[in-house]
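All remarks here apply to the structure that follows.
Throughout, read-outs are computed from the coordinates displayed, never taken from laboratory work. Worth saying up front: this structure is predicted, and the values here are computed from it rather than measured. Quick reminder, even Gly has a Cβ in these numbers, built from the backbone with ideal geometry, and neighbours come from all protein chains shown.
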Amino acid sequence: MNITGAILAGGSSDNAPSSRSGAFGTYNGEMLLDRQLAVLNELCEERIVVTDAPKPFLDVLDSKVRLITDYASGSGALGGLHAALHLSTHPLVWALACDMPLVTKDAAVFMAERISGYDAVVPVLNNRLQPWCSIYTKRCAKVASELLHNGMASPLVFLSFIHYKPIHVSEFVSHGIDPSFLYRMSHPHDLLKTKQSQS
């Protein structure tokens, strides 16, 4: 599929400069980075890892995976998305937070098939937008650039400036797609609330 997969891997923070990216965490004994890259390989013609701390990735990434750094270091995930949108070689970018071990090809295809006429397709979980498991067009790069230039790195502000299609998690479920693809290890209870409401 004519799409770039981008893992937003972050890096060391101001508060913990020696910390490693969450991409090196594990799920069921497997490194998160490896899990995500394997799924991206099923769908994406190009795979990118975006980080402001690239050194730890040099020894673990396959030569076919592009490693790029944030243009606007310290701007959080929007800074990573900004870099991915600018440097991707395909018109669509599937952007993923690095702590999502259960992402699936089916969820990405479902979103990509619904992006016509929009700048992005964004899942909705518990009435909250999930911008870090979404599909974006490269048109969004200009908006991200302008916001970061003005010191605004909020993902919700970014979304307010683009034309996006929200897709509620129930719509994924109705098409046979397990909502677990939205599970984030940094927010483990969000998905549990959804499953409880469906039971």
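Within segment 29-75, can you find the residues that are out of contact with any strand residue (DSSP E or B) (no Cβ under 7 Å at 6 or more places or on another chain), of a type in the set (A, V, I, L, M, F, W, C) and under 19 Å from residue 141 (Cβ atoms)?
Result: 72, single match.
Here are 38, 53: which of them is among the small types (Gly, Ala, Ser) and in contact (Cβ under 8 Å) with a residue 40 or more places away in the chain?
Working: 38 fails: in contact (Cβ under 8 Å) with a residue 40 or more places away in the chain.
So the residue among 38, 53 that is among the small types (Gly, Ala, Ser) and in contact (Cβ under 8 Å) with a residue 40 or more places away in the chain is 53.
Under 8 Å by Cβ, and 6 or more places apart or on different chains, what pairs join a residue from segment 153-169 that is at positive phi with one that is surrounded by 14 or more Cβ atoms within 10 Å (Cβ to Cβ) and of a type in the set (A, V, I, L, M)?
Matching pairs, first to second residue: none at all.
Looking at residue 42 and the list (1) surrounded by 19 or more Cβ atoms within 10 Å (Cβ to Cβ); (2) over 20 Å from residue 154 (Cβ atoms); (3) among the charged types (D, E, K, R), which single condition is not satisfied?
(1)
Look through segment 98-123, keep the residues that are farther than 17 Å from residue 137 by Cα and of a type in the set (A, V, I, L, M), and return whichever of them is farthest from the chain's Cα centre (by Cα). Full working, then the answer.
Restricting attention to segment 98-123, the residues satisfying the condition of being farther than 17 Å from residue 137 by Cα are 98-106.
Still in the running and of a type in the set (A, V, I, L, M): 100, 102-103.
On the way: 100: 9, 102: 12, 103: 10 Å.
Per the stated criteria, the residue is 102.
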